[in-house]
Structure formats: structure tokens, C-alpha cells
Amino acid sequence: MGNAALLNRLNQWRDGETCKISPKVPLGTARIAVRTTNSGDTFSGPVAIGLSGWKSNITTTVFWIGERATVNNPVPNDKSAWDIDWVSRYGGYDDPNPGARTNYVPRRFQPGLNPFYIALPYNDVQNHHTRPEAAAVIPWFRNSFVRDGQSVCKGRWIAVRHGNRVCYAQWEDVGPFASEHWKYVFDDERPNPNRNRDAGLDVSPAVRDYLSLQGMDTCDWKFVDSHQVPAGPWSKYGF
């Protein structure tokens, strides 16, 4: 689908749905339904306005750039869902060994990308095209869409909370275990059952170290706008 066609579909949906929303219903909780033109499937989700609140008590696992495939990590992390040159752009292997790290980064090199990164189980791109439900379910889609097949999720900021500490990181990959679970990522479902205690968030070694996570831990997370991100170690490197 071309850029103009996708934008036209988004505009048609927005114009048609705006008149259905009662002014007495808070926009942040209003519901919509979108019917796609190619498959006929109906997708229900939040109106694409605003950002979600905290998702609480989410089992959180650690992953890293350059990680090899294992039973609990079936896809190697030499590339991300949106970057085939992830390792080279980062600068190398993001060694998770605490003894090989200092100030939240590997000792061997200075990363070319933000070492504070995360993965969530939704990909807005499939087979090089923007997924049909993306315009309806991603709150910031209208303001971020550039062209068909270019992710509007990559690089999005989130806040991750563990105890009294909050870390800020960017969405750079897809997982754990799923790539289509928008009802969890953007709505109110819980993560799908999986072998990692139903994990719904992957975080980098830098996030792990900043929050003092212990192995497979539990965190809260939410989306934030870039202007809400305070200065910190996550703002010292290129991204």
C-alpha cells in the first residue's frame, strides 16, 4: 500500500469516527471499530489520542544486542525487527556481564545508539508494509506516520518503574515471544502466556543495571512523550 493510500484510509477513518464519539465520553477512553479494506477484519481499540497509563506488575526479562538464540530467546539479536544492521550501528556486542560494563555501557566501546532500549510484543510493520490496524490502535500514529512500511514504534520512549526508581528507554525491538499483541501494548490486556512467566517486556542490560533488576523481575511501564524524558544516562548517547 502506498503512502497516499494509507493516509487516505486514515483520514476516512478519522472523519467517519469523529462524529460517532459523544462529547460526554472522555476522548482517552472512547472506543472505535475499524474495518480494513483488504481483509474485512474488524479491529477494536482506543481512539488514537493520548498515551496509556502504567501497565503494572509485568514480568520483565533482559535481552541484549548481539545475543544468540536460546530456548528462551528463539530469535538471535544480531538484528532488530526494524534494523538489519543493529549490531554494527550500536558498535558491537552489548555484553550483559556486569564485569564487562561501566556507567551502563560496555567497557570495550562507546555505543553509537542509546544503550537504554526495550522490546514490546508488537510490530507495526509486516512484510515491509504498515499493518492494517496500526492507524487505529497506535495513539501517536497520525502525528508520526511518514510512509507505508516505516515503523512509527521504533525509537518511541517509555518509562520503566521498579520500586522507587524510574528509567527511560527507547522501543527498539519486538518481543518477547509475540509480535501482534496490540491489545496488550496499547490497550488493557495482559501479556500472553509464555515460558518466561508470561513476560511482557524485554529490557537492555543498561535498564537492568539502572533499576537493579534481579534476573527475571517485575516492572511497571508506560509510554511517554520525548519532552517528558528527563536528563539522565539515557540521554548521553546517540539515538
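The values are calculated or read from the model by the stated rules, or taken from the named source; none is laboratory data. Not measured: the values here are computed from a predicted model. Backbone-built Cβ (ideal geometry, glycine too); neighbour counts: all protein chains shown.
Annotations
- Qualifying position, being modelled with pLDDT under 95 and under 18 Å from ARG208 (Cα atoms), among ASN77, ASN97: ASN77
- Looking across the stretch 206-228, the residues that are within 16 Å of the chain's Cα centre (by Cα) and closer than 19 Å to PRO115 by Cα come down to VAL207, CYS219, TRP221, LYS222, PHE223, VAL224, ASP225, SER226.
- Meets criteria (over 16 Å from the mean Cα position of the chain (by Cα), over 21 Å from PRO106 (Cα atoms) and either of a type in the set (Ser, Thr, Tyr) or assigned to a loop (DSSP other than H, G, I, E, B) (or both)) for PRO132: yes
- Scan of the stretch 180-233 for residues that are surrounded by 21 or more Cβ atoms within 10 Å (Cβ to Cβ), among the small types (Gly, Ala, Ser) and either touching a His at 6+ places or on another chain (Cβ under 9 Å) or assigned to a loop (DSSP other than H, G, I, E, B) (or both), ordered by number: ALA199, GLY200, SER204
Here's the yes/no breakdown for (1) outside any strand (DSSP E or B); (2) among the β-branched types (Val, Ile, Thr); (3) over 26 Å from PRO193 (Cα atoms):
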position	(1), (2), (3)
VAL75	yes, yes, no
SER80	yes, no, no
GLY92	yes, no, yes
ASP148	yes, no, yes
ILE158	no, yes, no
GLN170	no, no, no
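- Checking GLY200, GLY175, GLY215, GLY163 one by one, the residue that is out of contact with any Phe, Trp or Tyr (no Cβ under 9 Å at 6 or more places or on another chain) and under 26 Å from TYR93 (Cα atoms) is GLY215 and no other.
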